[in-house]
Amino acid sequence: MKRNLILIICLILIGLFVTTINIELVGADSGFDSSFDSDFGSDFGSSSFDFGSGGSSSDSSDPFAFFIPSMFIITLIIVTIITTVYNSGKQKEIINKALNSKLTLLNPDDFIEDKRLEVEAFNIYKTIQYAWMNFDEELIRKNTTDEMYNMYLMQLDTLKVKNQKNIMYDIKYLGSKVKKRYEENGQETIVINMNVSCYDFIIDTRTNNVVRGTAAKVNYYKYELTFVKTVNDKKLDVCPRCGAPVEENNSGVCKYCKSTLVSDKYTLILSKKKMISQR
(Lines give C-alpha, C1' and ligand atoms only; values in the text may rest on other atoms or scores of the structure.)
Protein backbone atom coordinates (compact mmCIF):
# COMPACT_ATOMS: atom_id res chain seq x y z
CA MET A 1 0.00 0.00 0.00
CA LYS A 2 2.85 2.41 0.84
CA ARG A 3 4.47 1.67 -2.52
CA ASN A 4 1.23 2.56 -4.34
CA LEU A 5 0.87 5.84 -2.42
CA ILE A 6 4.45 6.82 -3.27
CA LEU A 7 3.78 6.07 -6.95
CA ILE A 8 0.65 8.22 -6.92
CA ILE A 9 2.45 11.14 -5.23
CA CYS A 10 5.32 10.95 -7.74
CA LEU A 11 2.90 10.99 -10.69
CA ILE A 12 1.08 14.01 -9.28
CA LEU A 13 4.34 15.93 -8.75
CA ILE A 14 5.53 15.04 -12.26
CA GLY A 15 2.21 16.17 -13.71
CA LEU A 16 2.37 19.49 -11.90
CA PHE A 17 6.00 20.03 -12.95
CA VAL A 18 5.43 19.22 -16.62
CA THR A 19 2.31 21.36 -16.91
CA THR A 20 4.11 24.46 -15.55
CA ILE A 21 6.86 24.36 -18.22
CA ASN A 22 6.32 26.06 -21.56
CA ILE A 23 7.68 23.38 -23.89
CA GLU A 24 7.46 22.74 -27.60
CA LEU A 25 5.81 19.48 -28.62
CA VAL A 26 6.48 17.29 -31.63
CA GLY A 27 3.61 16.59 -33.96
CA ALA A 28 0.90 14.20 -32.83
CA ASP A 29 2.02 11.59 -35.38
CA SER A 30 5.19 10.95 -33.32
CA GLY A 31 3.22 9.46 -30.44
CA PHE A 32 4.46 8.93 -26.87
CA ASP A 33 6.67 5.90 -27.55
CA SER A 34 9.96 7.21 -26.19
CA SER A 35 9.06 10.29 -24.20
CA PHE A 36 7.39 8.52 -21.27
CA ASP A 37 10.04 5.79 -21.13
CA SER A 38 12.83 8.28 -20.43
CA ASP A 39 14.37 9.14 -17.08
CA PHE A 40 12.58 12.19 -15.64
CA GLY A 41 15.78 13.10 -13.81
CA SER A 42 17.72 13.61 -17.06
CA ASP A 43 18.34 16.92 -18.82
CA PHE A 44 15.16 18.02 -20.64
CA GLY A 45 17.36 19.41 -23.41
CA SER A 46 19.09 16.09 -24.10
CA SER A 47 18.31 13.99 -27.14
CA SER A 48 16.65 11.32 -24.98
CA PHE A 49 13.98 13.68 -23.68
CA ASP A 50 13.86 16.65 -26.05
CA PHE A 51 10.24 17.46 -26.84
CA GLY A 52 11.33 20.02 -29.43
CA SER A 53 13.74 17.88 -31.43
CA GLY A 54 12.84 16.41 -34.80
CA GLY A 55 9.65 16.91 -36.80
CA SER A 56 7.72 20.13 -37.10
CA SER A 57 7.02 21.91 -33.82
CA SER A 58 3.64 23.29 -32.84
CA ASP A 59 3.05 26.94 -32.15
CA SER A 60 3.68 27.57 -28.42
CA SER A 61 0.60 29.78 -28.38
CA ASP A 62 -1.58 26.86 -29.47
CA PRO A 63 -3.74 25.94 -26.42
CA PHE A 64 -3.71 22.26 -27.39
CA ALA A 65 0.08 22.17 -27.00
CA PHE A 66 -0.50 22.66 -23.27
CA PHE A 67 -3.84 20.86 -22.92
CA ILE A 68 -3.03 17.42 -24.43
CA PRO A 69 -0.05 16.42 -22.25
CA SER A 70 -1.77 17.83 -19.16
CA MET A 71 -4.88 15.73 -19.76
CA PHE A 72 -2.79 12.64 -20.44
CA ILE A 73 -0.97 12.93 -17.12
CA ILE A 74 -4.16 13.71 -15.20
CA THR A 75 -5.89 10.69 -16.78
CA LEU A 76 -2.90 8.48 -15.89
CA ILE A 77 -3.03 9.67 -12.28
CA ILE A 78 -6.80 9.09 -12.00
CA VAL A 79 -6.55 5.57 -13.51
CA THR A 80 -3.70 4.69 -11.12
CA ILE A 81 -5.66 5.93 -8.08
CA ILE A 82 -8.84 4.08 -9.09
CA THR A 83 -6.94 0.85 -9.81
CA THR A 84 -5.05 1.02 -6.51
CA VAL A 85 -8.17 1.70 -4.44
CA TYR A 86 -10.16 -1.00 -6.27
CA ASN A 87 -7.47 -3.68 -5.87
CA SER A 88 -6.91 -2.78 -2.21
CA GLY A 89 -10.63 -2.97 -1.46
CA LYS A 90 -11.07 -6.22 -3.38
CA GLN A 91 -8.14 -7.87 -1.61
CA LYS A 92 -9.48 -6.94 1.83
CA GLU A 93 -12.90 -8.26 0.87
CA ILE A 94 -11.49 -11.60 -0.34
CA ILE A 95 -9.31 -11.97 2.77
CA ASN A 96 -12.28 -11.35 5.10
CA LYS A 97 -14.47 -13.81 3.20
CA ALA A 98 -11.73 -16.47 3.19
CA LEU A 99 -11.03 -16.16 6.92
CA ASN A 100 -14.74 -16.56 7.71
CA SER A 101 -15.54 -19.24 5.13
CA LYS A 102 -16.97 -22.69 5.87
CA LEU A 103 -16.15 -25.92 4.09
CA THR A 104 -18.75 -26.78 1.44
CA LEU A 105 -18.49 -29.91 -0.73
CA LEU A 106 -20.10 -31.14 -3.92
CA ASN A 107 -22.74 -33.87 -3.77
CA PRO A 108 -21.53 -36.85 -5.85
CA ASP A 109 -25.17 -37.87 -6.41
CA ASP A 110 -25.62 -34.74 -8.53
CA PHE A 111 -23.26 -36.20 -11.14
CA ILE A 112 -23.49 -39.18 -13.47
CA GLU A 113 -22.10 -42.43 -12.10
CA ASP A 114 -18.82 -42.27 -14.08
CA LYS A 115 -18.04 -38.88 -12.54
CA ARG A 116 -18.90 -39.63 -8.92
CA LEU A 117 -15.46 -41.01 -8.11
CA GLU A 118 -13.82 -37.89 -9.57
CA VAL A 119 -16.15 -35.61 -7.59
CA GLU A 120 -15.34 -37.55 -4.43
CA ALA A 121 -11.66 -37.00 -5.21
CA PHE A 122 -12.29 -33.26 -5.62
CA ASN A 123 -14.09 -33.16 -2.27
CA ILE A 124 -11.06 -34.77 -0.61
CA TYR A 125 -8.69 -32.32 -2.33
CA LYS A 126 -10.84 -29.35 -1.26
CA THR A 127 -11.12 -30.67 2.30
CA ILE A 128 -7.34 -30.97 2.55
CA GLN A 129 -6.81 -27.45 1.18
CA TYR A 130 -9.36 -26.07 3.66
CA ALA A 131 -7.64 -27.93 6.51
CA TRP A 132 -4.27 -26.64 5.28
CA MET A 133 -5.52 -23.06 5.30
CA ASN A 134 -6.86 -23.43 8.85
CA PHE A 135 -3.96 -25.48 10.30
CA ASP A 136 -6.36 -28.37 10.96
CA GLU A 137 -3.81 -31.18 11.28
CA GLU A 138 -6.36 -33.85 12.25
CA LEU A 139 -8.48 -33.21 9.15
CA ILE A 140 -5.37 -33.46 6.98
CA ARG A 141 -4.43 -36.70 8.74
CA LYS A 142 -7.82 -38.27 7.94
CA ASN A 143 -7.47 -37.63 4.21
CA THR A 144 -3.80 -38.27 3.44
CA THR A 145 -1.22 -41.02 3.66
CA ASP A 146 1.47 -40.87 6.35
CA GLU A 147 4.01 -39.52 3.85
CA MET A 148 1.72 -36.73 2.67
CA TYR A 149 0.64 -35.91 6.22
CA ASN A 150 4.24 -35.51 7.42
CA MET A 151 5.03 -33.25 4.46
CA TYR A 152 2.04 -31.02 5.21
CA LEU A 153 2.97 -30.95 8.88
CA MET A 154 6.50 -29.68 8.21
CA GLN A 155 5.24 -26.99 5.87
CA LEU A 156 2.58 -25.85 8.34
CA ASP A 157 5.22 -25.61 11.07
CA THR A 158 7.27 -23.34 8.78
CA LEU A 159 4.25 -21.09 8.18
CA LYS A 160 3.58 -20.89 11.92
CA VAL A 161 7.17 -19.79 12.62
CA LYS A 162 6.83 -17.05 9.99
CA ASN A 163 3.39 -15.98 11.29
CA GLN A 164 1.93 -16.69 7.86
CA LYS A 165 -1.15 -18.42 6.48
CA ASN A 166 -1.74 -19.74 2.95
CA ILE A 167 -5.24 -18.70 1.90
CA MET A 168 -6.91 -21.17 -0.49
CA TYR A 169 -10.37 -19.72 -1.02
CA ASP A 170 -13.37 -20.23 -3.33
CA ILE A 171 -12.02 -23.50 -4.77
CA LYS A 172 -14.14 -24.47 -7.78
CA TYR A 173 -14.29 -27.77 -9.65
CA LEU A 174 -13.63 -27.27 -13.37
CA GLY A 175 -13.52 -30.91 -14.44
CA SER A 176 -11.39 -34.02 -14.10
CA LYS A 177 -10.57 -37.34 -15.73
CA VAL A 178 -9.27 -40.65 -14.42
CA LYS A 179 -5.86 -41.12 -15.99
CA LYS A 180 -5.19 -44.67 -14.77
CA ARG A 181 -6.41 -47.13 -12.20
CA TYR A 182 -4.82 -50.35 -10.95
CA GLU A 183 -4.70 -52.80 -8.03
CA GLU A 184 -1.56 -53.95 -6.25
CA ASN A 185 -1.07 -55.82 -2.95
CA GLY A 186 -4.72 -55.51 -1.99
CA GLN A 187 -4.77 -51.76 -2.57
CA GLU A 188 -6.30 -49.81 -5.41
CA THR A 189 -4.49 -46.76 -6.83
CA ILE A 190 -6.36 -44.11 -8.81
CA VAL A 191 -4.60 -41.30 -10.71
CA ILE A 192 -6.81 -38.34 -11.66
CA ASN A 193 -6.08 -35.20 -13.68
CA MET A 194 -8.10 -32.36 -12.17
CA ASN A 195 -8.72 -28.71 -13.05
CA VAL A 196 -9.65 -26.22 -10.35
CA SER A 197 -9.73 -22.46 -9.80
CA CYS A 198 -9.25 -20.54 -6.57
CA TYR A 199 -7.74 -17.54 -4.81
CA ASP A 200 -4.28 -18.53 -3.59
CA PHE A 201 -2.02 -16.18 -1.62
CA ILE A 202 -0.17 -15.85 1.69
CA ILE A 203 -0.98 -13.37 4.45
CA ASP A 204 0.77 -12.25 7.61
CA THR A 205 -1.43 -13.56 10.45
CA ARG A 206 -0.59 -10.55 12.62
CA THR A 207 -1.89 -7.97 10.14
CA ASN A 208 -3.89 -10.01 7.58
CA ASN A 209 -1.93 -8.23 4.85
CA VAL A 210 -0.87 -10.11 1.72
CA VAL A 211 2.86 -10.89 1.72
CA ARG A 212 3.02 -13.23 -1.30
CA GLY A 213 0.78 -13.52 -4.33
CA THR A 214 -2.33 -11.42 -4.77
CA ALA A 215 -5.89 -11.61 -3.52
CA ALA A 216 -7.14 -9.59 -6.48
CA LYS A 217 -7.22 -12.39 -9.07
CA VAL A 218 -8.23 -16.02 -9.46
CA ASN A 219 -5.66 -18.72 -10.24
CA TYR A 220 -6.27 -21.75 -12.47
CA TYR A 221 -4.51 -25.04 -11.67
CA LYS A 222 -4.23 -28.44 -13.31
CA TYR A 223 -3.18 -31.25 -10.97
CA GLU A 224 -2.26 -34.89 -11.20
CA LEU A 225 -3.68 -36.34 -7.98
CA THR A 226 -2.99 -39.89 -6.83
CA PHE A 227 -5.37 -41.59 -4.38
CA VAL A 228 -5.23 -45.01 -2.75
CA LYS A 229 -8.10 -47.18 -1.61
CA THR A 230 -8.06 -50.68 -0.12
CA VAL A 231 -9.84 -53.36 -2.11
CA ASN A 232 -10.40 -55.80 0.76
CA ASP A 233 -12.88 -55.17 3.55
CA LYS A 234 -10.83 -56.34 6.49
CA LYS A 235 -11.62 -54.79 9.85
CA LEU A 236 -9.19 -52.17 11.16
CA ASP A 237 -7.43 -54.16 13.89
CA VAL A 238 -4.35 -52.03 14.49
CA CYS A 239 -3.60 -48.30 14.32
CA PRO A 240 -1.97 -47.58 10.94
CA ARG A 241 0.19 -44.90 12.59
CA CYS A 242 1.67 -46.61 15.69
CA GLY A 243 0.59 -50.25 15.30
CA ALA A 244 -1.31 -50.38 18.61
CA PRO A 245 -4.34 -52.71 18.76
CA VAL A 246 -7.71 -51.10 18.10
CA GLU A 247 -10.29 -51.86 20.74
CA GLU A 248 -13.90 -52.78 19.94
CA ASN A 249 -15.45 -49.71 21.55
CA ASN A 250 -13.02 -47.06 20.36
CA SER A 251 -14.00 -43.43 19.76
CA GLY A 252 -12.33 -43.28 16.37
CA VAL A 253 -9.06 -42.08 17.94
CA CYS A 254 -6.07 -44.23 18.91
CA LYS A 255 -5.69 -44.05 22.69
CA TYR A 256 -1.91 -44.42 22.37
CA CYS A 257 -0.82 -41.94 19.65
CA LYS A 258 -4.12 -39.96 19.52
CA SER A 259 -4.29 -40.13 15.70
CA THR A 260 -7.65 -40.42 13.94
CA LEU A 261 -8.51 -43.98 12.92
CA VAL A 262 -9.70 -44.15 9.33
CA SER A 263 -10.55 -47.35 7.48
CA ASP A 264 -9.28 -47.06 3.90
CA LYS A 265 -12.16 -49.11 2.56
CA TYR A 266 -14.60 -46.25 3.09
CA THR A 267 -12.80 -43.37 1.47
CA LEU A 268 -10.05 -42.35 -0.89
CA ILE A 269 -6.77 -41.18 0.64
CA LEU A 270 -4.53 -38.67 -1.12
CA SER A 271 -1.02 -40.08 -1.58
CA LYS A 272 0.52 -37.68 -4.14
CA LYS A 273 -0.19 -34.19 -5.48
CA LYS A 274 1.61 -32.93 -8.58
CA MET A 275 1.09 -29.57 -10.27
CA ILE A 276 0.93 -29.91 -14.07
CA SER A 277 0.24 -26.29 -14.98
CA GLN A 278 -0.97 -22.98 -13.54
CA ARG A 279 -2.03 -19.63 -14.86
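The values are calculated or read from the model by the stated rules, or taken from the named source; none is laboratory data. Since we're looking at a predicted model, the values are computed, not measured. We place every Cβ from the backbone using ideal geometry, glycine too, and count neighbours over all the protein chains shown.
Considering GLU138, GLU183, which residue is in a strand (DSSP E or B) and acidic (Asp, Glu)?
Working: GLU138 fails: in a strand (DSSP E or B).
Going through GLU138, GLU183 in turn, just one is in a strand (DSSP E or B) and acidic (Asp, Glu): GLU183.
Pick from ASN166, ASN150: which is part of a helix (DSSP H, G or I) and assigned by TED's automatic domain parsing to the domain that holds ASP200?
ASN150
Which residue pairs have Cβ atoms closer than 6 Å, lie 6 or more positions apart in sequence or on different chains, and pair a first residue in the stretch 108-129 that is surrounded by fewer than 19 Cβ atoms within 10 Å (Cβ to Cβ) with a second residue that is among the basic types (Lys, Arg)?
PRO108/ARG116
Pick out the one residue from LYS217, LYS162 that is among the basic types (Lys, Arg) and farther than 15 Å from LYS90 by Cβ.
LYS162
Can you find a residue in the stretch 217-231 that is in contact with a Gly (Cβ under 7 Å, 6 or more places away or on another chain) and modelled with pLDDT under 85?
Yes, the stretch 217-231 contains a residue that is in contact with a Gly (Cβ under 7 Å, 6 or more places away or on another chain) and modelled with pLDDT under 85.
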